[in-house]
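What follows draws every value from the coordinates through simple rules; no lab data is involved. Keep in mind the model is a prediction, meaning the values are calculated, not measured. Here Cβ is always computed from backbone atoms with ideal geometry, including for glycine, and neighbour counts include all displayed protein chains.
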Amino acid sequence: MPSSAPRCPVLIAEDDPAIRALLVTALRRRKVPSMTAANGVEALQHLKDQDWLVLVLDLMMPSVTGWDVINWLAANADRKPKTVIVVSATDRALLKELDPSVVNAVIFKPFDPMQLSAYVKASCDLTHSDRRRTRIVDTTGH
Amino acid sequence: MPRSALYSLFMQAPALICVLRGPEHVFDLVNPLYQRLFPTRELLGKPIREALPELEGQGFFELLDRVFASGETFTGKESPARLDRTGTGTLEEGYFDFVYQPMTVDGRIDGVTVFGLEVTDQVLARRQADEFIAVVAHELRTPMTSILGWVRLLRLGDLDADTYASALEALERSTKAQARIIEDLLDESRIASGKLRLELRPLNLGPIVQSAVEMMRSAAEARNTMLVAQVPEEPLEMVGDPNRLEQVIANVLANAVKFSPEESRVEIRVSHAGPWAEIEVRDYGRGIPADLLPYVFDRGRQGGTTERQGGLGLGLAIARHLIELQGGTIEAASEGDGKGATFTMRLPLHADAAAASFMDRERGERAASLPSLKGVHVLIVEDDIDNRKVIAAVMERCEATVECTTTAAEGLRRIERRNPDVIIADIVLPDIDGCAFMERVRAAGRDTPALALTVFSRPREQERILASGFNALRQKPIEPADLANEIARLMEIRVT
């Protein structure tokens, strides 16, 4: 069974290498260790292998997409990280509703990496029951 | 206007028209365009609810009732209607602009006239355009996220050397990605409006492939993908547009990298295959399912219909267009899921092959637009062998008689012997300048129409060329059809 106290609390699933590195760097500055998955397949493997406090999830990834990961988490609620943050480049108006039992926040690209990392760090400190509802976090300042 | 004229006006009207009488809306008159919506059904004499039962529940009957009862006109814009056009019970959605106009007889409402236009194609085209714009926005945001994000981190000013270096790399890569998207959009628009122009010139393919590989190297490295290039040392000479060729090769490579798993390998191999240069790009990604293979070069197609892989889906469509414009072909092959894919491009080597294939294309696509120069004697003064061959091939295709020389002196001698009907001359010649050549032709009292081909584009240079006696000037490289039309125009001017 996966351990209940994750060594590395944050998983970043993002296929764009530049954005992935950006998130890792921003989190490292806040002393939050993270691991990365370059696609949905890797993300699912990491989610099966260990517990995570926070998952930062891109939607548009090849073969196994962010939506697939959300569906898998909906069906495997015990593997759900405390906080699931979706990052998306899709238009707000066009983004279909994401399963609120899985997704805690949606952040639209382009985002401010320092604000996102602050939010992730805060999420690491919160307890599971505090955040159930989906909310839209605007880090772009408009 | 006689009644019969009104009737034919009604029957030939470019709109869907019918007249419905009474509170039951019985079809009293139906014009052919309206009838064509329901080709298998008899409408005349039937109440609309009976004639078109599939419209029940779509709101149209209720509207007709209201217009009949109130006498107020109703106008519908892009209203969706599900119709059984084939009479088989299958409903198809269409969109209509229409007017329900009450008809009054002796101050009493007697029926409703329906005027309509089907606008389904327009609605679907606009919807497609909207979706495309959403994709463009999405695709521009991804590199933008990286650019803004890294700039934000750089501003903090305390990144370690490695992170700093990779930040700059990410910035460069993302900016280039955005530039690429913008270029693709412009190309797509140029292709759609037929305004894409190539700058054809003799070239060696090897260095162009190398440069495309270098262009893609950082994108491949970012995914830990190895780019392996095999280019023969012997020159692969052909006529083409070097920038566009590099773009096509980079595009196909980018595609291979994108569809490869991380830490994979993409190979590009260039070889000689008879009269062709062959460029093969092989990846070990997830491959292309057999049913999608025929569509990989279609605009907006990617790996699947429901899932997108980033990018505008224009790259391969543009690549095919550019390759075909240069007389080549591009094909995709894949053994299926998980087996990777191979893209093979073939480009005609040497000017002969290029000219022949341009000519094939002209024959196939716009043979009608190539003017006939039958009986016209053309003198070509051009020292570059490839250019000369292309020009000669174009002229011969127009059935002109062609004579070629490589120097101005030889050109003057030929003119002395037999005055041609038209002269095509390069400006940079091995012995004397093309302008000096033309001045001597004119000084000898010959008014033979003459076209200068030049790589110079500055206005002062153009003035100098025209002042020397050339009747027209065209920038090199010139497209075959343009060249042929220009010569035909010069011949016409002389006749009139």
Using the count of nearby Cβ atoms within 10 Å as a rough guide to exposure, how do A:K48, A:K109, B:K46 rank from fewest to most?
A:K48, B:K46, A:K109
Label-point gap, in nm, between B:T401 and B:E221 - each point 7 angstrom along Cα→Cβ
6.2
How many nm separate the modelled label positions at B:L117 and B:A444, each set 7 Å beyond the Cα in the direction of the Cβ?
6.3
Take the alpha carbon gyration tensor of the protein assembly as shown, find the square roots of its eigenvalues, order them as a ≥ b ≥ c, and report rounded if a/c is under 1.5; if not, report prolate when a/b exceeds b/c, else oblate.
oblate
Residue among B:L196, B:M103, B:T145 farthest towards the positive dipole end of segment B:92-251, charges placed on Cβ:
B:T145
I need the Debye-formula profile for segment B:201-348: one equal scatterer per C-alpha, no solvent, reported as log10 I(q)/I(0) at q = 0.10, 0.17 1/Å, two decimals.
-0.31, -0.92
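Using only alpha carbon pairs under 8 Å that are at least six residues apart, calculate the relative contact order of segment A:34-84 and give it in whole percent.
Reported as a whole number, the value is 43 percent.
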Seen from all sides and averaged, what is the projected area of the convex hull of the Cα atoms in segment A:10-136, in nm²?
6.8
Calculate I(q)/I(0) for segment B:102-188 by the Debye formula, one identical point scatterer on each C-alpha and no solvent, and give its log10 at q = 0.12, 0.19, 0.25, 0.27 Å⁻¹ to two decimals.
-0.60, -0.91, -1.14, -1.21
Measuring from label point to label point, each 7 Å out along Cα→Cβ, what is the B:Q210 to B:R489 span in nm?
4.0
Under Karplus coefficients 6.51, -1.76 and 1.60, residue-wise ³J(HN,Hα) of segment B:315-328 in Hz, glycine/proline x
x, 6, 5, 5, 4, 4, 4, 5, 5, 5, 4, 9, x, x
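Could you calculate the FRET efficiency of B:L9 with B:V105 from 1/(1 + (r/R0)^6), where r is the beta carbon distance between them and R0 is 22 Å, rounded to 0.05?
My answer for the efficiency is 0.65.
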Take the alpha-carbon centre of segment B:405-467, take the same for segment A:68-89, and report the distance between them in whole Å.
74
Could you give log10 I(q)/I(0) at q = 0.07 Å⁻¹ for chain B, computed by the Debye formula over C-alpha point scatterers of equal weight, without solvent?
-0.65
Prolate/oblate/rounded label for segment B:130-258 (Cα gyration tensor, a/c 1.5):
oblate
How about segment B:386-430: which trypsin sites (Lys or Arg not before Pro) there are in a DSSP loop, with at most 14 other Cβ atoms within 10 Å of their Cβ?
B:R418
Can you give me the P(r) profile for segment B:3-118? Cα pairs, bins 10 angstrom wide beginning at 0, each as a whole percent.
14, 48, 33, 5, 0
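Would you mind checking A:K80/B:K176; A:K82/B:K339; A:K96/B:K176 for any pair whose Cα atoms are more than 32 angstrom apart? Kindly include the intermediate steps, with their values, before the conclusion.
Numbers: A:K80/B:K176 37 Å; A:K82/B:K339 38 Å; A:K96/B:K176 30 Å.
Going by Cα-Cα distance, A:K80/B:K176; A:K82/B:K339 fall outside the 32 Å limit.
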